[in-house]
Amino acid sequence: RLSEDHPDYQKAQRIAHRVANELGYAVISGGGPGIMEAASRGAAEAGGKAVGMTIRLNHEQITNKYVNEEIPFYFFFTRKVAMHYTTDAGLFFPGGFGTFDELFETLTLKQTNKIDLIPTILVGTEFWKPLQKFIDEVLVEKYKTVNSEEIKLYTITDDEDEIIRIIKESKVRKEE
């Protein structure tokens, strides 16, 4: 839902451009507007592959014009399985319920060793720090439903160079 003049849109576009250009990775998103469009745009403008794993919704779902390969899905769970299977790093930008759904599923699958320990990067400290505070104070300290080691399953940062470095240095999938 963020427009192209929003700083998070612009950051997503820059990072996706670097991921495609410097690392040679395809950039996968939900293929819709907002941050998803920014990621597709950055990859496409770098001459890279912008994959849109789209989902059929009753509103808001249009495939952005920067997607150069679309893979349509009907159910969210099948799309998430496909994304987890093909992803070498997951970047989460400010978003809504769908973002939180995908983030917490990713963290749960990593926590339970159901997927590879790919880097999970939460981009945007202003957006993610209140969640971190909740996790620290409520889940770790008060209720002890998450342990302090498990918060190492993700990184919160705004540093674009750090993001590229994390992705570059953490190739976890075996080359075939």
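The values are calculated or read from the model by the stated rules, or taken from the named source; none is laboratory data. No experiment lies behind these values; they were computed from the predicted model shown. Quick reminder, even Gly has a Cβ in these numbers, built from the backbone with ideal geometry, and neighbours come from all protein chains shown. Remember, those area values only see protein heavy atoms, side chains included, never the ligands or the DNA or RNA. Shrake-Rupley method; radii C 1.70, N 1.55, O 1.52, S 1.80 Å.
Summary table
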| read-out | value |
| --- | --- |
| Residue-span extension gain [LEU131 to ASN147] - 0.36 nm each, minus C-alpha spacing | 4.2 nm |
| Segment ASN113-GLU45, length gained on full extension (0.36 nm per residue, minus Cα span) | 20.9 nm |
| Lys, Arg +1 and Asp, Glu -1 on Cβ, resulting dipole of the chain about Cα centre, debye, nearest 20 | 400 debye |
| Relative intensity, log₁₀ I(q)/I(0), of the range 1-79 from a Debye sum that treats every alpha carbon as a point, q = 0.15, 0.19 Å⁻¹ | -0.45, -0.70 |
| Relative intensity, log₁₀ I(q)/I(0), of the range 10-146 from a Debye sum that treats every alpha carbon as a point, q = 0.11, 0.13, 0.18, 0.21 Å⁻¹ | -0.42, -0.58, -1.06, -1.34 |
| Accessible-area composition of the range 1-122, carbon plus sulfur, in percent [1.4 Å probe] | 55 percent |
| Helical mean residue ellipticity (222 nm; -39500 (n - 2.57) per DSSP H run of 4+; nearest 500) of the chain | -13000 deg cm²/dmol |
| Across LYS11/LYS133; LYS11/LYS114; LYS110/LYS144; LYS65/LYS129; LYS114/LYS152, pairs whose alpha-carbon gap is larger than 21 Å | LYS11/LYS133; LYS11/LYS114; LYS65/LYS129 |
| Separation of the ASN21 and ILE164 label points, Cα + 7 Å toward Cβ, nm | 0.8 nm |
| Amide H contacts of THR54 (H built 1.01 Å from N, under 5 Å, at least 5 apart or other chain) | ILE71, PHE73 |
| For the range 80-162: span of alpha carbons on each principal axis (Å, largest first) | 36, 28, 25 |
| Computed over the chain: relative contact order in percent, which uses C-alpha pairs under 8 Å that are six or more apart | 16 percent |
